[in-house]
Amino acid sequence: MVRSWRWRNWIWLVAGTEDGVCAARQLLALSVPVRVQVVSPGACRAYGPLTANPAFQCQAMALTPGDVHRMLAGPTPPTLVVDATHPFALRITRTLHAACGASAIPYLRLQRPQLEPGAATVVDRLEAVQDLGPSSLLAAIGSRSLARLVGWHGPQRTAARILPTATALQQALAAGLPPERIAPLQPVSTSHGEIHLPPDPGTSLEAALCRYWAVDVVLARQSGGTPERHWHRVCAALGVSLWLLRRPEEPGGMAGCTRETLSRRVQECLQNPRP
């Protein structure tokens, strides 16, 4: 169940940790109550000191379409929905956008910049890495696609850096990866909104994994965030090939903003609260 909230005018920020923390700070600076929706209690902890603000609330729950509709149709719906979810989380983005349109609640999509690919190879589909010959592959794209990768390359030529969750570990093991080829690690990201990249990428945990498994190819996602930026640096330092799954196109017709324009766009939405 989605709990109601006592504030009559508030912003619903649906986010992860990297963009969400920065967005929450900007929104609270506008003197508007903010509820952030994340998928896990660990993600709430990333918001650190913000949780002490009485105008801030963090709720950890994976949203279903029914949850979204109940929230927007409840007795105290948000004045504005800000979608700062991952660029690859298109399902929840489509759900939020459609539900806001049906409920006449303004929707604003916080969009990440797209990094220059540089020396990386950008591919449209997972099948592009089906034939890598004898190369050793490190997958950093989550755990859901590992079964296909292991089926193509075998368990001894595939390794995975996954999120440190029970579900991710179960999926990696079910894909056929031996425990010694699995690294449950949080990706390099932000801590309370601050980006912390190792000064020397060659000394990072990700670089150590590449050396330990004698990795030839890293497969990551073109997310535009800190993890992608870090993989560019690591692979360049080690001479490892970086392959990126292309960022999917988002639905058209969405009102969007960047970190730099978020505050201004939110103020515009609050001044005109109905589309």
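Computed from the coordinates by the stated procedures, all read-outs in this text should not be read as laboratory data. Just so it is clear, the structure is predicted and the values come from calculations on it, not from any experiment. Cβ atoms come from the backbone with ideal geometry, glycine included; neighbour counts cover every protein chain shown.
How big is D, in µm² s⁻¹, for the chain by Stokes-Einstein at 20 °C and 1.002 mPa s if Rh is the Kirkwood radius over C-alpha pairs? D, rounded to a whole number, is 108 µm²/s. Cysteines in the chain that lack a partner Cβ within the 4.7 Å cut-off: 22, 100, 210, 235, 257, 269. Averaging 1/r across all pairs of distinct Cα atoms in the range 121-245 and inverting the result yields a Kirkwood radius of 14.5 Å. Counting only Cβ charges, +1 for Lys and Arg and -1 for Asp and Glu, the dipole size of the chain around its Cα centre is about 740 debye. Membrane-span-like helices in the chain, defined here as complete DSSP H runs extending at least 15 Å along the helix axis by their C-alpha atoms with mean Kyte-Doolittle hydropathy no lower than 0.0, are 18-28, 90-103; this is a sequence and geometry rule, not a statement about a membrane.
Using 0.36 nm per residue and subtracting the Cα-Cα separation, the extra length available between residue 186 and residue 208 on full extension is 6.4 nm.
Which of the peptides 167-173, 252-258 is most tightly packed, and how do the rest follow, judged by the mean count of other Cβ atoms within 10 Å per residue?
Working: 167-173: 16.9, 252-258: 12.6.
For the peptides 167-173, 252-258, the packing ranking is 167-173, 252-258.
Label sites at residue 67 and residue 258, each approximated as a point 7 angstrom past Cα along Cα to Cβ, lie 3.1 nm apart.
The alpha carbons of the range 83-155 occupy a box of 54, 29, 15 Å along the principal axes, longest dimension given first.
When peptides 113-125, 197-209 are sorted by average Cβ neighbour count within 10 Å, with the highest value leading, the order is 197-209, 113-125. Largest mean-square fluctuation among 247, 229, 144, in a Gaussian network model of the chain whose springs join Cα atoms under 10 Å apart, belongs to 144. The ranking of 35, 264, 161 by Cβ neighbour count inside 10 Å, starting from the fewest, reads 264, 35, 161.
With the simple spin-label model, which puts each label point 7 Å out from Cα in the Cβ direction, the residue 270 to residue 163 separation comes to 3.0 nm.
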